[in-house]
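Below: the structure, in structure tokens.
The values are calculated or read from the model by the stated rules, or taken from the named source; none is laboratory data. These numbers come from a predicted model, not from an experiment. Quick reminder, even Gly has a Cβ in these numbers, built from the backbone with ideal geometry, and neighbours come from all protein chains shown.
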Amino acid sequence: MTELSPGRILASRFELRRLLGRGGMGQVWLAVDSELGEQVAVKVLEPALATDEAMLALLRHECRQARRLVHPNIVRVYDFHSDGEIAFISMEFVEGGELGQFRDDSPEQILSKIVPLTSALAYAHARGIVHRDLKPSNVLIDREGLPRLVDFGVAGLLRGASGIRVTGGGSPLSMSPQQRAGLPPSPADDAFALGVLIYELITGFPPTVEIGGPPPQPMRSRKNYSVPRRLQTAVSRLVAAEAASRPSDMEVIGRELEAALDELRNRTMPPEVEVVSSSGESDEIVPVARDSSPAEGQALSADEKQGLPRLVWAAFAVLTALLLAVVFVLPDYVERQRSGEHVAVPDAEPSADAEEMERLATLKDQADETAERFEILVQELLSRGVEEWGAADFRDARALFDTGRKAYDSVQFETASDAWARATAMLESLEGRRRELLQAALERGTEALGAGRRAAAETEFGAALVLEPGNAVAEKGLGRAESIERVYELYSQGLRLEEDGELQQARERFREVAMLDPEFEGPEEAIARVDTAIVNRRYTTAMSEGYAALSDGRFDSAIAAFERAAGIRPQASEPAEGIARAREEKRVAAIANARLEAETLERREEWREAASVYRSILADDASVAFAQSGSRRASARADLDARLQGFLDNPQRMFSEQVQAAARDALAEAAAVSEPGPRLRRQMATTEKILADAIRPVRVTLESDNLTEIVLYKVGRLGTFDRFQLELRPGTYTVVGTRKGFRDVRQQFTVRPGESAGPFMVRCEEPI
């Protein structure tokens, strides 16, 4: 794979901006999708993955599965892309950090970020998908604090039409004992990993769990936060060694964790809580010491992971060699030693005859080796139909071999070896030609498939099977040729429908092609292209509806349309701008409507209600000038209205000089109003009348027995009399009568405006 750098464009569409991270599968880059005009994340796979057809097929399948997952707590996967050299996955870009950065937070804060993940996992499990690699780095926390699960690309399938099951994957520290044993994936594996995740974030290290081993230590926060029993119990169930002992229903798990979270939220946490074991003794949690070499259960780096298979195989080879030596060589050696057997070493130089015999023996061995190679090639070529595509050269090679056999029978081993070597070279040349013919036939067959020519494809793949019986490519090609004409017809229909804008029908045709011939190139890209067009159309339609509603003043409908557009393309900025504009125009319209309402209330002299409307406007926007002045005006008029109406509702209050002064002040204030309304004018006239009546004297008659001394409060001593008349202003008065030898009397009477009062009898009649 060529070096990646900012500015590079992948698949003529994705411009790399910056490196986000590296992992075991490759590199993750921030990129801009030129077709959609938005930021995405692309995971560029390692070259070994990008060139492994089996792995690419699996990854394409997994990508299709991941695209089904649309959930607020799952990072969206968009598509899988491959150009032969670079393979990558495009997905939603999430700004934020990883869950691991919150290790120092309280259990409450940690659990609040984990509980929403149970909903995402329940959603995935319901669709037959297990994550199988749940760890802090695969949980992103976006800018709103929402946890987002990433990297479902390694998830195994519980079910599915394909029947694919992946048993590997996952991080050693978070893998359940069943995963490590290579058992098929299940939701119980995700439950285990979720428990490990909580345990690690709270304590600072993962639990040690083995089948048949002791349970993990109770959790103790490394920051000395309290860990309540409910949470301890929930996590201990999740990290149970036996799958049957742990819950696997994520909805049930979510409710348990939510209950633990509620307990954390609703109680006062002491700074440190001692974790007590079932025996009642304190359990001190001590992290297991780790040396520099990876121990069982430890995570390996990407380089270590790459080097491990080579190291394992090298060690295995050495051990095998040693074992063979022990089993075969060593016993023979020991037996020779016991029997005294040994090889004699001659003391003299060998004779000339002996040397010649040794030379002939060597030549014979060489000839035998060459003949053996020739016979192997003969059998291989015969099995591959050489007599149909290379008969002449094959006969010549066999004739040359027969010549060599005659020389061999005559003990002319050198001559025979030379002839057989040339005959073998002729067969090897035939084998090279066979491979060339085979490759050419396969290419022509593939080309015929791409053009939809069934007969030509069957001819070429048939020829390829003659050249190499059982060739997988040729056999698959013949199988594909049976339906290629229909496939090509459906694909052409899909292209025409796409061009005509009939996107849904086009997508159905492309899906038929993909189902009928999964190897046919084009449907996946076509489906992705059509899906993008469908999304763009839905997005454009929603935005158009939003703008139309906005222009009509249907602000709620506009907001709903823009929100629908935002749901279709979460990364697009236009929906948010439309929502903001609609809300602002709605606010402005609401202020305008409120102003009209307030002004109407003012004209009706409903000042208190008008002031309330102005205050509501200011509560939304304190800077609105007309609301500021209107609030002051309406409040003042509401106060004046209340004072005047108080005089009208309780006219007897006017008997008080203090009230009379207040009434005159209110009347003066009312008189200053430039354009008084009917209500104010009525209030002023009535108040003026009440005030005039309140200060106009009224004739009052008092009667006595001419023996009782009379005193009228607020007036003075009146003396004794039979009948006494005087003029008093309206109000309430008290008269007191005294007489020596008699009990005093006290009487209160009220003088009302415009009415003569009395006579009032005041005399002392009760002797002391």
Hey, does the stretch 224-240 have a residue that's loosely packed, with under 15 Cβ neighbours inside 10 Å and not in a helix (DSSP H, G or I)?
yes
Quick one: PRO518 ticks every box in (1) more than 25 Å from GLU53 (Cβ to Cβ); (2) outside any helix (DSSP H, G or I); (3) not basic (Lys, Arg) except a single one, so which number is it?
(1)
Which condition from (1) outside the structural domain of VAL751 (by TED's automatic domain parsing); (2) farther than 30 Å from GLU606 by Cα; (3) not hydroxyl-bearing (Ser, Thr, Tyr) is the one that LEU726 breaks?
(1)
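Residue by residue through the stretch 706-728, note down the ones that are of a type in the set (S, T, N, Q) and without any contact (Cβ under 8 Å) to a residue 40 or more places away in the chain.
Hits for the stretch 706-728 are ASN706, THR720, GLN725.
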Give the stretch 594-603 a look and list any residue that's free of Cβ contacts under 8 Å to residues at least 60 places away in the same chain and either surrounded by fewer than 13 Cβ atoms within 10 Å (Cβ to Cβ) or among the polar types (S, T, N, Q) (or both), or say none.
LEU596, THR600
Does THR734 qualify as being touching a residue at least 40 places away in the same chain (Cβ under 8 Å), in a strand (DSSP E or B) and either crowded, with 17+ Cβ neighbours inside 10 Å or out of contact with any His (no Cβ under 9 Å at 6 or more places or on another chain) (or both)?
no
May I ask you to verify whether PRO697 is under 28 Å from ARG664 (Cα atoms), in contact with an Asp or Glu (Cβ under 8 Å, 6 or more places away or on another chain) and modelled with pLDDT under 95?
yes
Scan of the stretch 460-516 for residues that are buried (at least 17 other Cβ atoms within 10 Å of the Cβ) and hydroxyl-bearing (Ser, Thr, Tyr), ordered by number
TYR488, TYR491
Can you say whether HIS81 is surrounded by 17 or more Cβ atoms within 10 Å (Cβ to Cβ), under 21 Å from LEU19 (Cβ atoms) and not hydrophobic (A, V, I, L, M, F, W, C), as far as the supplied structure shows?
yes
Within the stretch 579-593, restricting to residues that are in contact with an Asp or Glu (Cβ under 9 Å, 6 or more places away or on another chain) and buried (at least 16 other Cβ atoms within 10 Å of the Cβ), the one that is nearest to GLU38 (Cα to Cα) is ILE579
Top-ranked residue in the stretch 568-578 [being part of a helix (DSSP H, G or I) and of a type in the set (Gly, Ala, Ser); ranked as surrounded by the most Cβ atoms within 10 Å (Cβ to Cβ)]
GLY578
Filter the stretch 145-177 down to residues that are at pLDDT below 85 and part of a helix (DSSP H, G or I) and give me whichever is nearest to the chain's Cα centre (by Cα).
PHE152
Restricting to the stretch 14-27, give me the number of residues that are of a type outside the set (Phe, Trp, Tyr) and at pLDDT 90 or above.
5
Output the residues belonging to the stretch 360-398 that are outside any helix (DSSP H, G or I) and modelled with pLDDT of 80 or more.
GLY385, GLY390
Restricting the stretch 115-134 to residues that are surrounded by fewer than 22 Cβ atoms within 10 Å (Cβ to Cβ) and touching a residue at least 12 places away in the same chain (Cβ under 8 Å), the one nearest to ASN266 (Cα to Cα) turns out to be VAL115
I'd like to check something: does the stretch 110-122 contain any residue that is at pLDDT below 90 and not in a helix (DSSP H, G or I)?
no
Quick test of your reading of the structure: GLU200 fulfils all but one of (1) at pLDDT below 90; (2) in the same structural domain as VAL150 (by TED's automatic domain parsing); (3) over 23 Å from the mean Cα position of the chain (by Cα). Name the failing condition by number.
(3)
The residue that is farthest from the chain's Cα centre (by Cα), considering only those in the stretch 675-706 that are assigned to a loop (DSSP other than H, G, I, E, B) and surrounded by 13 or more Cβ atoms within 10 Å (Cβ to Cβ), is ASP705
